Amino acid sequence: MKLLMFDMDGTLIDSGTSITNTINHVRENLGFEILEKNYILEKVNDPNVNAAEFFYGTPDFTEEQKVLFEEHYNANCLNDLELYEGIEKLIDDLRTDFILTIATNANSFFAKKMLDHLGIGKHFKTILGYDSVKKAKPHPEMVYKILDTHNIKNHNAQFIGDSHKDIMAAKNANVDWVLVNWGFSNHDEHAIESVAELEKKIKEKFN
């Protein structure tokens, strides 16, 4: 069998508005000024940024921050949510030939809720979030866990994501990867620009 791992936010779905609004909601409650959307999304995806420290000024996420974030996100994560153009057809085309899985640094409960809302959740055999592992991406734990769950060797898998965290997780697990450029990052090199190119990359790897 062949297996595909997808990042979710910025790869399959455009959830940038709800992520930004939620981070700004927490910041406002903590007395910080709100930040601009693209700036937030760029920093969320940066493997060199400690998000808790950068956004909220603490070395780790506090209980207060987690509650503020999760309550707001749970109430609003389906607002302004949409699949990137061509993704629904791509998933439909791939689902018979591949085991489809999700490896996201979002909470797995929210991930399932959002993917179900957009009508594609049922196609993913495994949906792992940061709460499913000890260490989130760029650590490879999520990638290893998906491979083990489905008893798939790393050469029979491919990881598709929009951030360097995704690519680092794939590389660390010795799994082939594709970096997409329609998400929350703006990559200068090694990234593809369209779903048609992604389909081509998947075919090249597995044919």
Practice task
Quick one: plug the Kirkwood hydrodynamic radius of the chain (C-alpha pairs) into Stokes-Einstein at 25 °C, 0.890 mPa s, and report D in µm²/s.
Solution key: 142 µm²/s
Completion exercise
Treating only Lys and Arg (+1) and Asp and Glu (-1) as charged, each at its beta carbon, one finds that the chain has a dipole about its Cα centre, in Debye to the nearest 20, of 940 debye
Handout entry: Simple Cβ-charge dipole of region 16-76, Lys/Arg +1 and Asp/Glu -1, about Cα centre, in debye nearest 20
Key = 160 debye
Exercise for the section: Could you tell me which GluC sites (Glu not before Pro) in region 158-207 are loop residues by DSSP with no more than 11 other beta carbons within 10 angstrom of their beta carbon? Expected result: GLU189, GLU193
Practice task
Given a cut-off of 25 Å, name the pairs among LYS43/LYS134; LYS125/LYS165; LYS122/LYS171; LYS112/LYS165 whose C-alpha atoms lie farther apart than that in the structure shown.
Solution key: LYS122/LYS171
Handout entry: Cβ charges +1 (Lys, Arg) and -1 (Asp, Glu), total dipole of region 112-199, debye
Key = 600 debye
Handout entry: region 1-54: GluC sites (Glu not before Pro) in DSSP loop, at most 13 other beta carbons within 10 Å
Key = GLU33, GLU36
Exercise for the section: For region 16-76, just the Cα atoms, rotate onto the principal axes and tell me the three extents in Å, largest first. Expected result: 27, 25, 19
Handout entry: MRE, 222 nm, helices only [DSSP H, n ≥ 4, -39500 (n - 2.57), over the chain, to nearest 500]
Key = -13000 deg cm²/dmol
Fill in the blank from the handout: The alpha-carbon center of region 1-63 and that of region 101-135 are separated, in whole Å, by 16 Å
Problem - Which of GLY16, ILE102, SER163, positive extreme of dipole for the chain (C-beta unit charges) - result: ILE102
Fill in the blank from the handout: Taking the dipole of the chain about the Cα centre (Lys, Arg +1; Asp, Glu -1; charges at Cβ), the one of ASN76, LEU147, PHE6 that reaches farthest to the positive side is LEU147
Handout entry: C-alpha long axis of helix 141-150 to longest principal axis of the chain, angle in °
Key = 40 degrees
Exercise for the section: Pick out, in residue order, every one of the trypsin sites (Lys or Arg not before Pro) in region 106-192 that is DSSP loop and has at most 12 other C-beta atoms within 10 Å; say none if there are none. Expected result: LYS134, LYS135, LYS153
Completion exercise
Of the candidates THR126, TYR39, GLY86, the farthest towards the positive dipole end of the chain (Lys/Arg Cβ +1, Asp/Glu Cβ -1, centred on the Cα centre) is THR126
Problem - Estimated vicinal HN-Hα couplings, Hz - region 55-64 in sequence order (Karplus 6.51, -1.76, 1.60; Gly, Pro = x) - result: 8, 10, x, 10, x, 10, 5, 8, 4, 4
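All of the numbers you see were taken from the coordinates with simple rules; none came from a lab. Not measured: the values here are computed from a predicted model. Don't worry about glycine lacking a Cβ; one is built from the backbone with ideal geometry, like all the others, and counts go over all protein chains shown.
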